[in-house]
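Inspection log for the structure reproduced underneath, given as structure tokens.
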Amino acid sequence: MAVSPVNLARISQNLRLNLTVDAITRGQRALYMNEVRIAAGRSFVTPSEDPVAAARARELHNQLARQSQLSANLQAGSDLLTAADGALTDVGDLLIRAQAVASQNISNLTSEAERESEAEVIASILHELVNVGNRQFGDRRLFAGRDSGVAPFVEGGGGILYQGDTEPLRIHVGDGRMEVVSMPGHELYGAASASVAGGADLTPTLLPDTRLEDLDGALGKGIRKGVLTFNDVGGAGVFNVDLTTADTIGDVVDFINAAAQSVGASLTVSLTETGLRLDPGSGEVLIEDSGSADLAADLGLTIRERIEDVLDGTTLRPRLTPLTPVSALGLGEALDLESGLIISNGPNTATIDLSTAETVEDVLAAINSAGVFVEARISEDGRSIDLFSRVSGVDLRVTENGGTTATDLGLRTMSETTLLSELNYGRGVEMNTDPDGSDLVIKDDTGATLFEVRLAGALTLGDVVDRINEAAEEASASVRAELSADHNAIRLFDGGSIGRTLAVENAVGSYAAEDLGLTRATSGPLGGVIGRDVHPVTAPGVLDALIRLEGALRGDDDKELSIAAERVETIVDELIREHGIIGARAAALNAEVSQMKDASISTEVFLSQVEDLDFTKAISELQSAQTVLQASLMTNSRLLNVSLMDYL
């Protein structure tokens, strides 16, 4: 820093004083700024000193703050997954103990007293599993999903109730990415997974207010918005229709018709139950997409071919939504919602009244609020309604209430389409190993055999009913079989003799009558016989298996014990897979934690290069400023003392 001269000729004393003060002030400021930089350890104190560096430093500070938050998120997620990994290790140890108990008691060599004692061991293991399922890490429940404030597993509903969330907890890890950092209890233990997959296709009728986002489209890829180009050959010629702002399928129809009318084209578009109908009018029409979007194909319209006659486009496959009117379900087919349905979930039973339901949301709400611990949801493909039970250890049944509501909604747990392989908790029906042998023996009230039924090749309950009726017809018997309207069971009755009692027995070499629930059947109000419900829905998970294993041990039931032991073995294998998923997620997050720490260090290095002070240089500049200020003070003090007398 140079010393500013103040001994200028022919200037006033005031100006000389001002110049002196200015020189001293600048020297003091330079000294002060150097002292402040050294004290702060920064190369600049205010943005005005170095605007470019200040802007860069601000960007790096923001980036570092984001990295710090993401690093905290990743670390928290990693800690949660590590804790869950440890919990799954404990679950695995408990299941191995349960598997050992089951294996030891399959043998007929164990006594009833020994099995009763082992049942207590299973009860203890079950209690420990519930405790692990309710385990906390900090203030968060590991297996409660997003709702981590509640204990996910409690005793209730006649078994063990899962009251946690069915969605996993996710964290933000940057660039719009969300990572799963938990395993909800319904995945861990199979809770809330006892389900009735909707067996009826409820695809709704296409309505004008059906949103485009609720359509799968003709190609199954949704509706990709864009611009359609129509060529009214021999008429109005080429015109474009911009559908980028269309929200509903009704908008599509209105936009096309309005554009056609505005140019004088005779073509019109209307809606059918499943898609679009194009009437070319008096001429021929060509359709093309403008740009890369496959809008015409998504809308089910033929492109690059002349349309001369009325064209019914490919189905657009609308999906169910909560706001879908019930009148539109099943392409508008009349559904019986007046009768309602009956849901039995263990000891909890409710009759669901759907007579006032106007939308799918009303149907779901009526079921979900029935107090039987079930949850109705729209299926993932948007074609049906699925039913889930939140209670492990009980049977879920859905029956009719005098009508066809359960069947129409695809929720009846025992219908003509039910596979025989699904009956009896998945054990199926044990038929005669001789393909030419009989499976059922139908007898009258005197014990005389009326006819026999062969079931070889039958796959569903409907097939069984048909085989019985065919065999009765061949034997000229007036016996008829049907699926009972009021019970989840097969009903046999004598159409020629109302009130006549019937009986069904296993044929030699077959257990089909027993497995179909016909051997311990009851008499119907008009005679005949009504079987049992042999298709209850149960949770396939850990808790249900152990509850049934405990029951089999206490009941000294060899058959149930064998089934339960097989289920436990299968579940152990599934747990290994789930454990692997958690371990893989934990490893992936740990790797991201390390990467984020490295990125933060790099950012800090860049930030240091931009705003940190070079102390060696700064101290040198401080000393220089001190020297300049001192020299300025000394020089100016001498010059200001000069007067006319010094020149005489």
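The values are calculated or read from the model by the stated rules, or taken from the named source; none is laboratory data. Quantities reported herein were computed from a predicted structural model and do not represent experimental measurements. No Cβ is skipped: glycine too gets one built from the backbone with ideal geometry, and neighbour counts run over all protein chains shown.
Taking (1) over 29 Å from the mean Cα position of the chain (by Cα); (2) at pLDDT below 90; (3) acidic (D, E) in turn, E273 satisfies each apart from (2). Of the residues making up region 328-352, those that are among the small types (G, A, S) and either touching a residue at least 40 places away in the same chain (Cβ under 8 Å) or surrounded by fewer than 16 Cβ atoms within 10 Å (Cβ to Cβ) (or both) are A328, G330, G332, A334, S339, G340, S344, G346. Being of a type in the set (A, V, I, L, M), closer than 26 Å to I582 by Cβ, outside the structural domain of G346 (by TED's automatic domain parsing) and out of contact with any helix residue (DSSP H, G or I) (no Cβ under 7 Å at 6 or more places or on another chain) is a condition met by no residue of region 197-215. Here G517, G531 are screened, and the one residue that is surrounded by 15 or more Cβ atoms within 10 Å (Cβ to Cβ) and closer than 30 Å to S111 by Cα is G517. In region 458-483, of all residues being part of a loop (DSSP other than H, G, I, E, B) and either in contact (Cβ under 8 Å) with a residue 12 or more places away in the chain or in contact with a strand residue (DSSP E or B) (Cβ under 8 Å, 6 or more places away or on another chain) (or both), the one that is farthest from G509 (Cα to Cα) corresponds to S478.
Taking region 390-422, which residues are within 29 Å of the chain's Cα centre (by Cα), among the hydrophobic types (A, V, I, L, M, F, W, C) and surrounded by 21 or more Cβ atoms within 10 Å (Cβ to Cβ)?
Listed by number, the residues that qualify are V391, V394, L396, V398, A406, L409, L411, M414.
Looking only at residues in region 371-384 that are among the charged types (D, E, K, R) and part of a loop (DSSP other than H, G, I, E, B), the one that is surrounded by the fewest Cβ atoms within 10 Å (Cβ to Cβ) is E380. In the set L387, L316, L323, only one residue is buried (at least 22 other Cβ atoms within 10 Å of the Cβ), among the aliphatic types (A, V, I, L, M) and either assigned to a loop (DSSP other than H, G, I, E, B) or touching a Cys at 6+ places or on another chain (Cβ under 9 Å) (or both); that residue is L316. Scanning region 98-113 for residues that are surrounded by 15 or more Cβ atoms within 10 Å (Cβ to Cβ) and either in contact with a Lys or Arg (Cβ under 7 Å, 6 or more places away or on another chain) or assigned to a helix (DSSP H, G or I) (or both) yields a count of 5. Within region 230-239, the set of residues being surrounded by fewer than 16 Cβ atoms within 10 Å (Cβ to Cβ) and assigned to a loop (DSSP other than H, G, I, E, B) comprises just one member, G234.
If you check L109, L142 for being farther than 30 Å from T413 by Cβ and out of contact with any strand residue (DSSP E or B) (no Cβ under 9 Å at 6 or more places or on another chain), only one passes: L109. Within region 273-291, which residues are in contact with a Gly (Cβ under 8 Å, 6 or more places away or on another chain) and of a type in the set (S, T, N, Q)? Listed by number, the residues that qualify are S282, S290.
Counting the residues of region 353-370 that are outside any loop (DSSP other than H, G, I, E, B) and touching a residue at least 40 places away in the same chain (Cβ under 8 Å) gives 3.
Annotation: G264 fulfils all but one of (1) of a type in the set (G, A, S); (2) surrounded by 20 or more Cβ atoms within 10 Å (Cβ to Cβ); (3) at positive phi; (4) without any contact (Cβ under 8 Å) to a residue 40 or more places away in the chain; the unmet one is (2). Inspect region 114-128 for any residue being loosely packed, with under 14 Cβ neighbours inside 10 Å and either touching a Gly at 6+ places or on another chain (Cβ under 8 Å) or touching a residue at least 40 places away in the same chain (Cβ under 8 Å) (or both) and give the result as yes or no. There is at least one residue in region 114-128 that is loosely packed, with under 14 Cβ neighbours inside 10 Å and either touching a Gly at 6+ places or on another chain (Cβ under 8 Å) or touching a residue at least 40 places away in the same chain (Cβ under 8 Å) (or both).
Is at least one residue of region 414-430 part of a helix (DSSP H, G or I), under 22 Å from R520 (Cα atoms), touching a Leu at 6+ places or on another chain (Cβ under 7 Å) and at pLDDT 90 or above? Yes, because at least one residue in region 414-430 is part of a helix (DSSP H, G or I), under 22 Å from R520 (Cα atoms), touching a Leu at 6+ places or on another chain (Cβ under 7 Å) and at pLDDT 90 or above. Can you confirm whether G159 is in contact (Cβ under 8 Å) with a residue 60 or more places away in the chain, of a type outside the set (D, E, K, R) and at positive phi? No, not satisfied. Considering only residues that are surrounded by fewer than 19 Cβ atoms within 10 Å (Cβ to Cβ) and in a helix (DSSP H, G or I), which ones fall in region 188-229? If the condition is that a residue be surrounded by fewer than 19 Cβ atoms within 10 Å (Cβ to Cβ) and in a helix (DSSP H, G or I), then E213 is the only one that fits. Of the residues in region 436-450, at least one is at negative phi, touching a residue at least 40 places away in the same chain (Cβ under 8 Å) and in contact with a helix residue (DSSP H, G or I) (Cβ under 6 Å, 6 or more places away or on another chain).
Residues are listed down the side, and each one gets a yes or a no for (1) surrounded by fewer than 18 Cβ atoms within 10 Å (Cβ to Cβ); (2) at pLDDT below 85:
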residue	(1), (2)
V3	yes, yes
N7	yes, yes
R16	yes, yes
Q28	yes, yes
G77	no, no
G86	yes, no
